[in-house]
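Novice: Sharing a structure with you now.
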Amino acid sequence: MQRLNHAVLYVTDAERSASFYGSVLGFERLPLGFPGAVFMRAPGSTNDHDLGLFTIGPTAAMPAGAGQRAPGLYHLAWEVDTLAELDRLAKQLAGVGALIGASDHGTTKSIYAQDPDGIEFEVAWIVPAALLDEAALSARSGISRLDLEHEKLRYGEATRGGVGISTPA
C-alpha cells in the first residue's frame, strides 16, 4: 500500500455535509453519485474523488465515544501545502464554529475541526524534510500548543510542506 485514496463517511444529510466541505474546505462537488450520495475532490487533487458522503438520515444514532468507549474512527487528516493555507483554514473554520483545537506535533502543525455531524478531522502542514531540525524531531514525543504566527516566521508562510516526506522532493 502507498496511501489513503479516499474516505467515505455516513452522514445524516449528504447535501448539508457537501455544503460544509465545499464552502469551508474548498472541496469540489463531482458529477458522480446516486440519490443520497455526494462525491467530492479536495482542492488541487487529481483523484477520481477524495470524499464520499452517504446520507443515512436525521434519525441515525450519533456515534458514542469512538476511541474512548467504543471502536471507531477518531479523525481524518487532510494536508495543506503552506502555513498560509493552514492559517486561512483555521480562521475560516473558527468563523463557522467548527474549529476545536490546534496542536504542534514538532514535525506537523495541525488544526482540528468537526463537520456538521461532529465527525472530527485534522488539517496539517508537514515540515519539509530539508527543514527538519533537532527541535522539530525532539518535539515529536509530545504535543504542544500551536503558535501559528511563530511557525510562519520560523518556516515561512509560503514554504511548501511535506516535501521529501509526503510528497516527492
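Novice: Condition first: out of contact with any Gly (no Cβ under 9 Å at 6 or more places or on another chain) and closer than 16 Å to Glu120 by Cα. Now tell me which residues in the range 23-49 satisfy that.
Specialist: Within the range 23-49, just Leu25 meets the criteria.
Novice: So which residues in the range 136-169 are surrounded by 12 or more Cβ atoms within 10 Å (Cβ to Cβ), polar (S, T, N, Q) and outside any loop (DSSP other than H, G, I, E, B)?
Specialist: Result: Thr167, single match.
Novice: Is it the case that the range 114-124 has a residue that's more than 30 Å from Thr55 (Cβ to Cβ) and in contact (Cβ under 8 Å) with a residue 24 or more places away in the chain?
Specialist: Taking every residue of the range 114-124 in turn, none turns out to be more than 30 Å from Thr55 (Cβ to Cβ) and in contact (Cβ under 8 Å) with a residue 24 or more places away in the chain.
Novice: For the range 35-82, which residues satisfy the criterion of being modelled with pLDDT under 90, under 23 Å from Ala102 (Cβ atoms) and in a strand (DSSP E or B)?
Specialist: Ala66, Leu76
Novice: Residues of the range 113-130 being under 22 Å from the mean Cα position of the chain (by Cα) and among the aliphatic types (A, V, I, L, M), which ones? If you could, list the steps in order and put the result at the bottom.
Specialist: Step one: filter the range 113-130 for residues under 22 Å from the mean Cα position of the chain (by Cα), giving 113-129.
Once the filter is applied, which keeps residues that are under 22 Å from the mean Cα position of the chain (by Cα) and among the aliphatic types (A, V, I, L, M), the range 113-130 yields Ala113, Ile119, Val123, Ala124, Ile126, Val127, Ala129.
Novice: For the structure I just gave you, tell me whether Arg41 is within 15 Å of Ile119 (Cα to Cα), charged (D, E, K, R) and outside the structural domain of Asp115 (by TED's automatic domain parsing).
Specialist: no
Novice: Name the residues in the range 17-35 that are in contact with a Leu (Cβ under 9 Å, 6 or more places away or on another chain), within 15 Å of Asp117 (Cβ to Cβ) and of a type outside the set (A, V, I, L, M, F, W, C), would you?
Specialist: Ser17, Tyr21, listed by residue number.
Novice: Can you name every residue in the range 108-147 that is over 30 Å from Gly57 (Cβ atoms), modelled with pLDDT under 90 and not aliphatic (A, V, I, L, M)?
Specialist: Asp133, Glu134, Ser138, Arg140, Ser141, Gly142, Ser144, listed by residue number.
Novice: Hey, among the residues in the range 21-40 that are free of Cβ contacts under 8 Å to residues at least 24 places away in the same chain and crowded, with 19+ Cβ neighbours inside 10 Å, which one's nearest to the chain's Cα centre (by Cα)?
Specialist: Met40
Novice: Condition first: among the small types (Gly, Ala, Ser) and crowded, with 17+ Cβ neighbours inside 10 Å. Now tell me which residues in the range 81-102 satisfy that.
Specialist: Passing the criteria: Ala90, Ala98, Ala102.
The values are calculated or read from the model by the stated rules, or taken from the named source; none is laboratory data. This structure is a prediction, so every number in the text was calculated from the model and none was measured. Cβ coordinates were reconstructed from backbone atoms using ideal geometry, including for glycine residues, and neighbour counts include every protein chain displayed.
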